[in-house]
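One structure is given below, encoded as structure tokens.
The values are calculated or read from the model by the stated rules, or taken from the named source; none is laboratory data. Note that the structure is predicted; figures quoted are calculated from it, not measured. Positions of Cβ are generated from backbone atoms using ideal geometry, with glycine treated the same way; all protein chains shown enter the neighbour counts. Calculation scope for accessible area: heavy atoms of the full protein, side chains included, ligands and nucleic acids excluded. Shrake-Rupley method; radii C 1.70, N 1.55, O 1.52, S 1.80 Å.
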Amino acid sequence: MPTLDKLEETPRKELHVFYILDTSGSMIGTPIAELNHAMEECTEALKEVAKNNGDAKLKIAVMEFNSNCKWVTDHGPEPVEDFEWEYLEAGGLTSMGAALTELDSQLSRNKFLSSMTGAFMPVLIFMTDGIATDDYDRPLTEIRKNKWFKHGTKIGFAISDEADEKMIASVVGNSEAVIKTNNLALFKKLIRFVSVRASMLASSSRTTDKAADGGGIVSDAKKELDLPDDVTSSLPDSAYNKEPEATSKDDDWNDDEW
Amino acid sequence: MLATGDKIKTSSGDKITIKEFIAEGGQGEVYKVDYNGREKALKWYKKSFLNNNSDPKAFYANIKHNVENGQPSKEFLWPLEITEWQDDTFGYIMDLRPSGYYDITEYMLCHIRFKSYRAIIDACLKIVSAFRILHSHGYSYQDLNDGNFFIDPIKGDVLICDNDNVAPDKVETGILGKPRYLAPEIVLGKVKPNMLTDRFSMAILLYILFCLNHPLEGKKYLADALTPALQEKLYGSEPLFIMDPNDKSNGPDSVAHKNSIMVWKCLPDYMKEIFINAFSQNSFKNPHNRPTELDWLKVLTRFRSEIIDCLCGNEVFTQNGNNCKCDCCGKMIKIPFKLELKSYAIPAVQNSRIYKCQLGTCDAKDALNPIAGVVSKKDSNILGIRNKTDRKWNAINSKGVPKKVDAGETIPLKDGITFTVDDMTIKIIENK
Ligand SMILES: [Zn+2]
């Protein structure tokens, strides 16, 4: 018999958790400090999820956007267990369009999502406290053609009264997957909750045929944390620009577009 | 979340005090608690989990029912007591997991390794036997997956947790199970979990325990993007065994699936055969054609009987009890005697055993009772075979004279002796 110590760990698919975070000038002061602290806790919580996960190898990718956009994980997604949160600084504008364009370019099997075992549909978490200062319509139309983006679990945070709810709802494609709050302590709890929940989707027993989407996760968060209903956006569908429904052609995994 | 010192009442009015948080999963949290002066575990549901269940009241009633009926076998970390509803949720008490047990996930990630193939086989035997008993009580488990089994890597002892979905067969608890461990008919939405889907998930776990690969995740699984549609194909509409003898299109990748390649070629033919059957198109499409728990017990006990240790430390699979060459150090291993059963022979070496289920059909609870064991005479290396049943055996000695062998009595290993247990005659043969 082959000796048992020759066996290697069971191959797992990779699951990427992306954070696209607004670090514009309006975040200066308490907000950026709270964000840094929230992300530190989030990282710790994800390490727990990653530790004993036979279904997915968790990786994390972080982008900050202000007058420009920049990957904090500049060598590509990092294994969660090796990742340590680096404190971000705030300043500048809110280039959401540039952020989407950069994200689009990396959501590809030839870029950030390349791996031997392949990947699950990514988790994409967006946060802003303001209004886009560049054109994001065209980048959004473009990234919506990206199948990883389309099939990903998308959740948005609008963390000030000034934050453009419509913009963030358009980006995640579903107003029910947007949490709006100016309570930063609550934001901290929520981003941890949705990060953990979204990254555990692949490895949890199910009660329904379909895995929860961003909206389902946000609705779970509301129940779990006893949140008031108005913590989610109540925009009517017509108020924001909604993502087109996925088609069966999207699921052809031999397609070069992946 | 509950905090240390929080008090909760059971449905019968007893008090539970939270001592410390142990772990968190998708459905809830587990705490160490004080319950009537004893340390126990409390599983406490997340509100969102119960909220997503179509009938939380029925879910509660089912667990209460399980508490009242008691555990089917000692392998199940069974709900001992249920709490009252509190703040739209509840929990149940069970025994704490003892130290030295690890979940299957930890074996999959090689955080922990089995000490021997015999320990793997023992774990498989205990899992299969526990499910045979559970099913014979009319229950189905409904959510078999890598997180629900705790195994001792040395002895192969097994504890099965998360028994909250155990319900009378075909009664829905609202659970479908965990992706990658679901039977194809569940993935396709045709049925809800039942005994036959349990059987399928169990076969997946058995393959994983031996080969540290998922049996349906060959080359096709390595696609760049695991879309919902691809998942449905891999596990539902077009499942294909990684070791399918006829269709290699989902075969093992030479790098990613080295484990399967290494272990599979060493497995005895009857083990290959049962895995091939369990993951054949016939078994995917016709749940009634899946190998039963008894089918598994028969091959696993045979497999266990056929493994012996080489002096170099390697575990060697013998065939038909014959002398053989160690596949590690290359030395010949001499097996002086073998025991001939109905359709195969096993080596008669120290600690060899014959299980009840190797003799034929038997009650679920008796399947793993050893009925005979090879032992050595005190202070010597002379081997004999001991009657481990509580009844007399009819034997015929090497000169053809009938004899009775009392319970606990040992007969020498001598060419030509036969003894009869439960209608099966076993013959001792010297390997020349
Ligand atoms: Zn050897």
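A few points about this structure:
- Global geometry of the stretch B:257-332, whether rounded, prolate or oblate, following the gyration tensor of its Cα atoms and the 1.5 cut on a/c: prolate
- Cα-Cα over 27 Å, subset of A:210/B:57; A:57/B:40; A:6/B:74; B:155/B:272: A:57/B:40; A:6/B:74
- 3J(HN,Hα) from dihedral phi, the stretch B:174-191, Karplus parametrisation 6.51/-1.76/1.60, rounded to Hz, x for glycine, proline: x, 9, 10, x, 9, x, 6, 10, 8, 5, x, 5, 7, 4, 7, x, 7, 9
- Sparse-neighbourhood loop sites, chymotrypsin sites (Phe, Trp or Tyr not before Pro) in the stretch A:72-153 - DSSP loop, at most 12 other Cβ within 10 angstrom: A:87
- Between the Cα long axis of helix B:56-69 and the first principal axis of chain B there is an angle of about 40°, rounded to the nearest 10.
- Under 5 Å from the amide H of residue B:371 lie the amide H atoms of B:354, B:355, B:356, each residue being 5 or more positions distant or on a separate chain, with H modelled from the backbone and absent for Pro and chain starts.
- With all pairs of different C-alpha atoms in the average, the Kirkwood value for the hydrodynamic radius of the stretch B:7-94 is 13.3 Å.
- Whole-number percent relative contact order across chain B, with pairs defined as alpha carbons under 8 Å at least 6 apart: 9 percent
- Think of the protein assembly as shown as a dipole: +1 on every Lys or Arg Cβ, -1 on every Asp or Glu Cβ, centred on the Cα centre; then among B:148, B:13, B:127, B:127 lies furthest on the positive end.
- 5 angstrom amide H check on residue A:16, placed H, neighbours 5+ away: A:59, A:120, A:123
- Dipole axis of the protein assembly as shown (+1 Lys, Arg; -1 Asp, Glu on Cβ), positive-most option in A:26, B:329, A:244: B:329
- Gaussian network model of chain B, springs between alpha carbon atoms under 10 Å - residue of B:333, B:307, B:382 with greatest fluctuation: B:382
- Computed from protein heavy atoms with a 1.4 Å probe, the total accessible area buried between A and B is close to 4800 Å².
- Comparing A:245, A:78, A:165 in a Gaussian network model of chain A where C-alpha atoms under 10 Å apart are linked, the largest mean-square fluctuation is found at A:245.
- Total charge dipole magnitude, chain B, about the Cα centre, Cβ charges on Lys, Arg, Asp, Glu only, Debye to nearest 20: 1640 debye
- For the stretch B:199-276, applying the loop criterion from DSSP together with a ceiling of 12 other beta carbons within 10 Å to the trypsin sites (Lys or Arg not before Pro) yields B:265.
- When the pairs B:219/B:325; B:170/B:265; A:223/B:9; A:145/B:192; A:180/B:9 are compared against a 32 Å limit on Cα-Cα distance, B:219/B:325; B:170/B:265; A:145/B:192; A:180/B:9 fall above it.
- Taking only the Cα atoms of chain A, the ratio Rg/Rh comes out at 0.96, with Rh defined as the Kirkwood radius.
- Debye intensity ratio I(q)/I(0), log10, chain B, q values 0.06, 0.10, 0.13 Å⁻¹ (C-alpha model): -0.30, -0.79, -1.18
- Under the simplified labelling scheme, the residue B:404-residue B:350 pair shows an inter-label distance of 3.3 nm, with each label point 7 Å from Cα along Cα→Cβ.
- Summary of the geometry: the stretch B:48-110 and the stretch A:7-69, compared by the centres of their Cα atoms, lie 32 Å apart.
- Cα-projected label distance for residue B:64 with residue B:285, points at 7 Å along beta-carbon direction, nm: 4.5 nm
- Put A:3, A:128, A:207, A:30 in order of accessible area, highest first, and with a 1.4 Å probe you get A:30, A:3, A:207, A:128.
- With every protein chain in place, the stretch A:1-47: carbon and sulfur % of accessible area (1.4 Å): 53 percent
- Sparse packing (at most 13 other Cβ atoms within 10 Å of the Cβ) combined with a DSSP loop state is found for the following trypsin sites (Lys or Arg not before Pro) in the stretch A:121-179: A:145.
- The amide H of residue B:81, built 1.01 Å from its N in the peptide plane, has B:93 as neighbours under 5 Å, considering only residues 5 or more places off or on other chains.
- Phi to ³J(HN,Hα) by Karplus 6.51 cos²θ - 1.76 cosθ + 1.60 over the stretch B:334-349, Hz, x for Gly, Pro: 8, 10, x, 10, 10, 10, 9, 8, 4, 10, 7, 10, 10, x, 9, 10
- Separation of alpha-carbon centers, the stretch B:398-432 and the stretch B:1-28, rounded to whole Å: 57 Å
- Computed over the stretch B:102-297, Kirkwood Rh from alpha-carbon pairs, angstrom: 16.9 Å
- Computed from phi, the 3J(HN,Hα) profile of the stretch A:10-23 under the Karplus parametrisation 6.51, -1.76, 1.60 (θ = phi - 60°) reads 4, x, 10, 7, 8, 10, 9, 10, 9, 10, 10, 10, 7, 10 Hz, with x in place of Gly and Pro.
- Computed over the Cα atoms of the stretch B:336-430, the ratio of the radius of gyration to the Kirkwood radius (Rg/Rh) comes to 0.94.
- Within a Gaussian network of chain B (alpha carbon springs, distance under 10 Å), most fluctuating of B:357, B:110, B:161: B:110
- Across chain B, the longest run free of exposed loop sites, meaning GluC sites (Glu not before Pro) lying outside DSSP classes H, G, I, E and B with no more than 15 other Cβ atoms within 10 Å, spans B:85-408.
- Residues residue B:237 and residue B:1, FRET efficiency given R0 of 51 Å [Cβ-Cβ distance, rounded to 0.05]: 0.80
- Solvent exposure of the stretch B:345-432, expressed per residue, is 55 Å² of accessible area, with all protein chains present and a 1.4 angstrom probe.
- Whether the protein assembly as shown is rounded, prolate or oblate, judged on the alpha carbon gyration tensor where a/c under 1.5 counts as rounded: prolate
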